[in-house]
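Reviewing the structure listed below.
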Amino acid sequence: MSPLAPVLVFGAVAEGDLLPELRYDVTATTVVLGALATRDWRPMHHDKDFAVVRNGTRDIFLNTPNQAAWFERYITDWTGPHGRLGRVTFRMRDSVFPGDTMVLDGAVSEVILDDTGCGWVGLDVTLAVDGDVKSTCAARVALPVDHTDNPWHRRHDRWKP
Amino acid sequence: MSAVIDEVRSLVGVAQYEETGEFPVERSYVWTMCASVENGNPLFWDDAVATEVTDGPIAPPTMLSVWFRPHHWAPGRSEQHLPLKVHFDLKERLGLPEAVMTDNTIVFFEPVRPGDVLTTRQILRSVSDEKTTKLGTGRFWVIDVEYTNQDGETVGVESYTGFGYRRGADAASGSPS
């Protein structure tokens, strides 16, 4: 069996590169499914009356752990399966509601080959609705440096996320 | 107050609230998660790809905290799980009624795999001196949540920066609580 070729290798990426945009129409189902998938049973993520009356928001809204999953999906859509997340930092600014079209955009902030030979790409990703940034994710993802390297096989001293 | 802050700072670096997951990491929950965000990464859907790239199936790295949010009900369960208990302890002991999380970082180590039984512990890393921000007067703290697997390997570390505070008007009254 021939080995699966990486979708993206480290050498093909440069600082300033833009990731393809992802647009997604958020529905009540998106929010409830996301809350269920992260086992977040708090009512403001599934009960509109609670969200409006108790939280003072206009509707139920996407929970934080599910937004993390959206960011991961966005990044690995770009890297393919060989891309391995090392580190993510989230900042949530505002809520995402049913009826919103969320738009994820990303740019390469740095490319670094570390002292173990691991190829790291820094990404700044934003999740916006109507041009307003709702949350941001700064990520560090490892890509294969060549067709024989696989970041997932790095362990212990060879994995410095 | 100085006795309280010394007492709180004596907990810096101490592992607290160690807890083992109620059940092993479930593969079907990986699919539920991937379906919720339409994540088609073949690592999670195609066993041949998972075998070749990750030596078998893994869970999406960002699911780390999911494994410690229990199912909505379990037979015989009485205690309510309280995530990030150290954060709430600090608010109470330092008399700071309000708090926000300003930052959340997750660092990923060994992949999490279906069948893994994970353990978590919370470690206070630092508590700042008193600071005044536009929210009020209080202290910043950093709490790490470490996750290990059944072999004792670290699978991830979440790091939260919190700011516990008294609102502006309360702070101006100068009443130490």
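The values are calculated or read from the model by the stated rules, or taken from the named source; none is laboratory data. Keep in mind the model is a prediction, meaning the values are calculated, not measured. Here the Cβ is made from the backbone with ideal geometry for all residues, glycine too, and neighbour counts use every protein chain on show.
Residues being within 14 Å of chain B (Cβ to nearest Cβ), modelled with pLDDT of 95 or more and not in a helix (DSSP H, G or I): count how many of those fall in the range A:61-99.
So the count comes out to 12.
In the range A:86-103, what count of residues is obtained for those that are within 28 Å of B:Val155 (Cβ to Cβ), hydrophobic (A, V, I, L, M, F, W, C) and surrounded by fewer than 23 Cβ atoms within 10 Å (Cβ to Cβ)?
2
Which count do you get for residues in the range A:32-56 that are in a loop (DSSP other than H, G, I, E, B) and surrounded by 18 or more Cβ atoms within 10 Å (Cβ to Cβ)?
4
Taking the condition surrounded by fewer than 20 Cβ atoms within 10 Å (Cβ to Cβ), among the charged types (D, E, K, R) and either over 11 Å from the mean Cα position of the chain (by Cα) or under 23 Å from A:Ala5 (Cβ atoms) (or both), does A:Arg73 pass?
Considered against the rule, which asks whether it is surrounded by fewer than 20 Cβ atoms within 10 Å (Cβ to Cβ), among the charged types (D, E, K, R) and either over 11 Å from the mean Cα position of the chain (by Cα) or under 23 Å from A:Ala5 (Cβ atoms) (or both), A:Arg73 comes out as no.
Residue by residue, here is whether (1) under 12 Å from the mean Cα position of the chain (by Cα); (2) outside any strand (DSSP E or B); (3) surrounded by fewer than 16 Cβ atoms within 10 Å (Cβ to Cβ) holds:
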{"residue": "B:Ser65", "(1), (2), (3)": "yes, yes, no"}
{"residue": "B:His71", "(1), (2), (3)": "no, yes, yes"}
{"residue": "B:Gly76", "(1), (2), (3)": "no, yes, yes"}
{"residue": "B:His87", "(1), (2), (3)": "yes, yes, no"}
{"residue": "B:Gly95", "(1), (2), (3)": "no, yes, yes"}
{"residue": "B:Met101", "(1), (2), (3)": "yes, no, no"}
{"residue": "B:Val112", "(1), (2), (3)": "no, yes, no"}
{"residue": "B:Arg139", "(1), (2), (3)": "no, no, no"}
{"residue": "B:Asp144", "(1), (2), (3)": "yes, no, no"}
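Conditions first: (1) without any contact (Cβ under 8 Å) to a residue 24 or more places away in the chain; (2) within 11 Å of another protein chain (Cβ to nearest Cβ). A:Gly131 passes all but one, so which condition is the exception?
Failed condition: (2).
Write out, first by first residue and then by second, each pair whose Cβ atoms fall under 7 Å of each other, whose residues are 6+ apart or on separate chains, and whose first residue, in the range A:6-28, is within 13 Å of A:Leu143 (Cβ to Cβ) while the second is hydroxyl-bearing (Ser, Thr, Tyr).
That search, which allows pairs on different chains as well, returns A:Val7/A:Thr79; A:Leu8/A:Thr79.
Could you check the range B:5-49 and list, in sequence order, the residues that are of a type in the set (Val, Ile, Thr) and at the interface with another protein chain (Cβ under 10 Å from one of its Cβ atoms)?
Correct list: B:Val30, B:Thr32, B:Val37, B:Val49.
Given the condition outside any strand (DSSP E or B), buried (at least 17 other Cβ atoms within 10 Å of the Cβ) and either away from chain A (no Cβ under 14 Å) or in contact with a Phe, Trp or Tyr (Cβ under 7 Å, 6 or more places away or on another chain) (or both), answer yes or no: does some residue in the range B:118-130 qualify?
yes
List pairs: first residue in the range B:50-63 and at the interface with chain A (Cβ under 8 Å from one of its Cβ atoms) and free of Cβ contacts under 8 Å to residues at least 12 places away in the same chain, second residue surrounded by 19 or more Cβ atoms within 10 Å (Cβ to Cβ) and of a type in the set (Phe, Trp, Tyr) anywhere in the structure, Cβ distance under 7 angstrom, at least six positions apart or on different chains.
B:Val53/A:Trp152
Among the numbered criteria (1) more than 8 Å from every other protein chain (Cβ to nearest Cβ); (2) of a type in the set (A, V, I, L, M); (3) at negative phi, which single criterion is violated by B:Leu84?
With (1) more than 8 Å from every other protein chain (Cβ to nearest Cβ); (2) of a type in the set (A, V, I, L, M); (3) at negative phi applied to B:Leu84, the lone miss is (3).
Have a look at A:Ala138, A:Ala142 and point out the one that is surrounded by fewer than 17 Cβ atoms within 10 Å (Cβ to Cβ), in contact (Cβ under 8 Å) with a residue 24 or more places away in the chain and aliphatic (A, V, I, L, M).
Values: A:Ala142 fails: surrounded by fewer than 17 Cβ atoms within 10 Å (Cβ to Cβ).
Within the list A:Ala138, A:Ala142, the selection yields A:Ala138.
Would the range A:22-31 turn up any residue that is assigned to a loop (DSSP other than H, G, I, E, B) and more than 9 Å from every other protein chain (Cβ to nearest Cβ)? Full working, then the answer.
Filtering the range A:22-31 for residues assigned to a loop (DSSP other than H, G, I, E, B) gives A:26-27.
From what is left, the residues that are more than 9 Å from every other protein chain (Cβ to nearest Cβ) are A:26-27.
Within the range A:22-31, one or more residues are assigned to a loop (DSSP other than H, G, I, E, B) and more than 9 Å from every other protein chain (Cβ to nearest Cβ).
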